[in-house]
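Here is the structure we will look at.
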Amino acid sequence: MKLGQGRSQTILMTTQHIDSVERIGFGIVSSLLPDDLRQDVLALFDGDPGRVGRRDGLAFEAVRAAATSDAIRGVVDNILGRGAFATKATLFDKTPASNWLVPWHQDVTIAVRTRRETEGFDAWSTKGGVAHVRPPLEVLESMVAVRLDLDGTTELNGPLRVFPGTHDRGILSPQEIQGIGDSQLPVNCLIPPSGGLIMRPLLLHASSKAVKPTNRRIVHPEFAAGNLPGGLEWRDRHALHDPTHQQM
């Protein structure tokens with residue numbers, strides 16, 4: 001499969017059309033962040049490139065405020081229910097100096113506080129000093145991510161690309177991923193500034209290098225609902241309906 005051979009498609013949706021996330025695994029909301037929150041998050045990137053690629057975005061007050069803002073809370077409530085919480089956030093920036101690509105993959109690991117051998121949890125790793133593990137399928141199927149696009153995504157700056165409907169096919173093998181790439185056309189997700197892509201983590205996705213690189217700053221919070229078994233704990237747990245948004 002070759003990156004760069006997808007067709008363009010923008011799916012505009014509101015919380016009233018959240019069922020598209022269930023049907024095809026993703027949807028695009030044209031406006032999620034008010035300008036004041038957008039500016040607060042953008043300030044995290046300014047003058048500190050070391051923050052780019054950080055997986056502990058919830059350590060920053062501005063990211064927590066964005067992840068638990070009214071619009072995102074409404075979206076996540078509709079999918080996971082009012083007991084949902086933010087469990088992780090990652091910061092990205094695709095720039096002329098760092099014009100990276102990401103191959104086709106699913107997001108199949110979660111961040112936990114400490115490693116505890118638990119039935120059904122495997123493929124342990126450490127990323128940024130944080131323990132990650134692949135949970136059972138039902139955990140991944142009960143999660144959602146909201147990929148906040150601070151600058152806007154076009155055909156030219158390396159948009160995220162997805163294969164609709166792949167979120168409900170379980171954890172795919174490399175051979176299955178290759179087969180999908182050989183038989184289907186991906187969709188380019190074009191998102192306006194302050195908009196967001198709502199996606200299930202098992203949705204098959206990738207990102208090509210930008211043709212005309214500019215800042216493409218992304219905040220990618222992940223949300224879950226419910227406890228983990230065997231004494232495992234989510235790395236972070238910021239309730240969407242706690243007015244102070246303190247870690248639980």
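The values are calculated or read from the model by the stated rules, or taken from the named source; none is laboratory data. Given the structure is predicted, the values throughout are model-derived calculations rather than measurements. Methodologically, a virtual Cβ is constructed for each residue, glycine included, from the backbone with ideal geometry; neighbour enumeration extends over all protein chains shown. Accessible surface is based on the protein model in full, side chains and every heavy atom, while ligands, DNA and RNA are left aside. Shrake-Rupley method; radii C 1.70, N 1.55, O 1.52, S 1.80 Å.
Annotations for the structure displayed:
- Residue count for segment 162-185, restricted to those that are at pLDDT below 95 and either touching a Cys at 6+ places or on another chain (Cβ under 6 Å) or open to solvent by less than 10 Å² (accessible area, probe 1.4 Å) (or both): 0
- Tabulated pairs, segment 92-111, first on the phi > 0 side of the Ramachandran plot, second part of a loop (DSSP other than H, G, I, E, B), C-beta under 9 angstrom, 6+ apart or interchain: none
- Summed over segment 207-226, residues that are open to solvent by less than 60 Å² (accessible area, probe 1.4 Å), in a loop (DSSP other than H, G, I, E, B) and farther than 23 Å from I72 by Cα total 3.
- S194 being among the hydroxyl-bearing types (S, T, Y), surrounded by fewer than 18 Cβ atoms within 10 Å (Cβ to Cβ) and either at pLDDT 95 or above or under 22 Å from L58 (Cβ atoms) (or both): no
- For P201, the requirement of being modelled with pLDDT of 95 or more and either in a loop (DSSP other than H, G, I, E, B) or out of contact with any Leu (no Cβ under 6 Å at 6 or more places or on another chain) (or both) is met.
- Verdict on L140 being modelled with pLDDT of 95 or more, closer than 19 Å to F26 by Cβ and either part of a loop (DSSP other than H, G, I, E, B) or open to solvent by less than 20 Å² (accessible area, probe 1.4 Å) (or both): yes
- Of everything in segment 212-224 that is farther than 15 Å from I198 by Cβ and touching a strand residue (DSSP E or B) at 6+ places or on another chain (Cβ under 8 Å), the residue that is modelled with the highest pLDDT is R217.
- Listed by first and then second residue, the pairs linking a residue in segment 151-169 that is over 23 Å from L42 (Cα atoms) to a residue that is basic (K, R), with Cβ atoms under 7 Å apart and 6 or more places separating them unless they lie on different chains, are H167/R200.
- Sole exception among (1) assigned to a helix (DSSP H, G or I); (2) open to solvent by 10 Å² or more (accessible area, probe 1.4 Å) for P229, by number: (1)
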